[in-house]
Structure formats: C-alpha cells, structure tokens
Amino acid sequence: MKEDLYQYLANQGGNMTVREIAICFAAALVISFVIFISYRISHATTVYSAKFNVSLVMLTVVTTLIMSVIGNNVALSLGMVGALSIVRFRTAVKDPRDTAYIFWCIAAGVCCGIQDFTVAAIGSGTVFFVMLLLGNIKSNDRYLVIIRGKNNTSEAIHNAVKSYFNNSAVLRVENTDHSCSELIYEVSQSAIKRYEKKNGNLSIRARLMEVVGVESVNLVCQNDEITR
C-alpha cells in the first residue's frame with residue numbers, strides 16, 4: 001500500500017515537451033511586458049523604480065519556471081513549498097501598489113506554468129485596465145507647517161493658524177524655551193489649496209510671516225510613499 005501511494009505521488013505529473021515549455025515562457029514574457037508597461041504608467045508621476053520594474057518581469061518568469069517543474073506532481077510541490085519556506089524577504093515596499101503588482105506577477109506566472117493561458121490573458125487584461133484607471137490616484141499629501149518665533153508669539157500664531165484653516169490644522173508639537181517658540185501643525189494639501197484659492201494664491205508661508213514675532217516658516221510634505 002505504501003509503495004503504491006509513493007508511486008502515485010512521484011509519477012502523478014506528466015513531462016512537458018520542449019515546445020510546451022517554450023510556449024509557457026513566451027506567454028510569461030508577453031504578460032510580464034504588459035505588467036512592465038502598467039507599472040511604468042501608474043508610477044509615471046511618483047517615485048519610479050526601474051530596478052523594481054525589471055524584478056517584476058523576472059518574478060513572472062521565475063514563477064513560470066517553478067510551476068513548469070512542479071506540474072501536477074504532489075510530492076514535488078510539497079518539497080518545493082518546504083524549500084521556499086526558508087526564504088525571507090525584507091525588501092521595503094515604498095508604495096502599497098507594489099504589493100498588488102507582486103501578486104499579479106505570481107498569479108500570471110502560475111497560470112503560464114500550468115498552461116492556462118486563457119485565465120492569464122483575461123485576468124492580466126482586467127488588472128491592467130483597473131490599474132490604468134486607478135493607478136494614478138494620489139493620496140492627499142500632508143504638510144507639516146513648522147513655525148518659529150519669539151517666546152511670546154505662541155498665542156498669536158495659534159489664532160492666525162486657526163483663522164486661516166478653520167480648525168483643519170492640527171497642532172502636533174509645541175516647543176517653548178526662554179527665547180523662542182516652535183509650533184508644528186499638520187495640514188492637509190487640500191486645506192492649503194483652499195486657502196491659497198481663497199486668498200488669491202498668496203502662500204501660507206508669506207501670510208504667516210506677517211504675524212508679529214514670527215521668524216521663520218517651513219513646510220514639509222509627507223505622504224505614504226516618500227517624505228520630501
């Protein structure tokens with residue numbers, strides 16, 4: 001009984017011909033090129049990583065290679081899972097969309113490896129269309145407004161910021177010593193744009209510098225992708 005079970009697990013999958021293997025890798029290359037173009041378009045206005053984009057192509061091809069080796073062989077698939085479980089990836093993902101692209105590559109590679117080209121084509125076309133529509137959506141950047149002034153200017157700064165942003169600015173840090181004060185507010189990009197539109201494109205920095213006792217005003221932009 002044990003020998004019969006072993007023979008079933010070991011010989012369950014059939015061998016692929018050279019032609020079938022070539023077709024699998026050709027399909028993987030075509031779909032990986034589509035993924036490459038999609039990533040390039042969706043990241044055109046953000047931080048684009050050419051190396052990561054190339055790695056997406058390689059990930060699709062490598063996944064196809066693994067699936068071509070495994071096929072329908074249950075014993076080999078279990079051994080492959082055990083071998084790959086020791087791998088640890090610690091690459092930081094700067095953009096949450098990168099995770100979706102990684103799963104897209106893996107799914108496309110699996111479909112090509114098992115020769116299910118219909119699912120690979122329709123699925124990749126659907127994901128490409130969704131990424132084309134939603135890939136360029138940007139998060140609402142947050143700005144840190146850093147205001148430094150004399151020690152007795154805290155109240156005046158509070159009143160000015162409150163009147164300019166109608167309570168949409170959140171005080172995050174307030175440092176005070178004997179000679180100066182530093183206040184840091186968090187303001188959304190949309191709130192700053194509304195203020196500038198309402199005041200004839202007058203920058204918030206110029207307006208805050210008009211407050212008596214303010215010595216400097218700095219704006220630091222923060223978002224989910226990078227701090228600049």
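Residues that are under 33 Å from the mean Cα position of the chain (by Cα) and closer than 20 Å to Val212 by Cβ within the stretch 172-183 comprise Glu174, Leu183, listed in sequence order.
Return the only residue of Val47, Val18, Val81 being β-branched (Val, Ile, Thr) and either at pLDDT 85 or above or closer than 29 Å to Met131 by Cα (or both). Outline the logic, then answer.
Numbers: Val18 fails: either at pLDDT 85 or above or closer than 29 Å to Met131 by Cα (or both); Val81 fails: either at pLDDT 85 or above or closer than 29 Å to Met131 by Cα (or both).
The match here is Val47.
What residue, among those in the stretch 211-228 that are under 30 Å from Thr99 (Cα atoms) and among the acidic types (Asp, Glu), is modelled with the highest pLDDT? Of everything passing the filter in the stretch 211-228, Asp224 is modelled with the highest pLDDT. Within the stretch 19-73, take every residue that is among the charged types (D, E, K, R) and either without any contact (Cβ under 8 Å) to a residue 40 or more places away in the chain or surrounded by 18 or more Cβ atoms within 10 Å (Cβ to Cβ) (or both) and give me the one that is farthest from Thr118 (Cα to Cα). Selected residue: Lys51.
Check Ile35, Ile31 and return the single one that is in contact with a Leu (Cβ under 6 Å, 6 or more places away or on another chain), closer than 21 Å to Met131 by Cβ, at pLDDT 90 or above and in the same structural domain as Phe129 (by TED's automatic domain parsing). Reasoning before the result, please.
Details: Ile31 fails: in contact with a Leu (Cβ under 6 Å, 6 or more places away or on another chain).
None of the others qualify; the one that does is Ile35.
In the stretch 184-214, of all residues being at positive phi and without any contact (Cβ under 8 Å) to a residue 24 or more places away in the chain, the one that is nearest to the chain's Cα centre (by Cα) corresponds to Asn201. With a requirement of 2 or more residues that are surrounded by 14 or more Cβ atoms within 10 Å (Cβ to Cβ) and at pLDDT 85 or above, the helices (runs of 4 or more DSSP H) lying completely within the stretch 100-210 that satisfy it span 117-134.
How many residues does the stretch 59-73 hold that are at pLDDT 80 or above and either of a type in the set (S, T, N, Q) or touching an Asp or Glu at 6+ places or on another chain (Cβ under 7 Å) (or both)?
If we filter the stretch 59-73 for residues that are at pLDDT 80 or above, which is where we start, we get 59-68.
Keeping just the survivors that are either of a type in the set (S, T, N, Q) or touching an Asp or Glu at 6+ places or on another chain (Cβ under 7 Å) (or both) gives 60, 63-64, 68.
The total comes to 4.
The values are calculated or read from the model by the stated rules, or taken from the named source; none is laboratory data. Being a predicted model, the structure only gives us computed values, none of them experimental. As a convention, Cβ positions derive from the backbone with ideal geometry for all residues, glycine included, and neighbour counts pool all protein chains shown.
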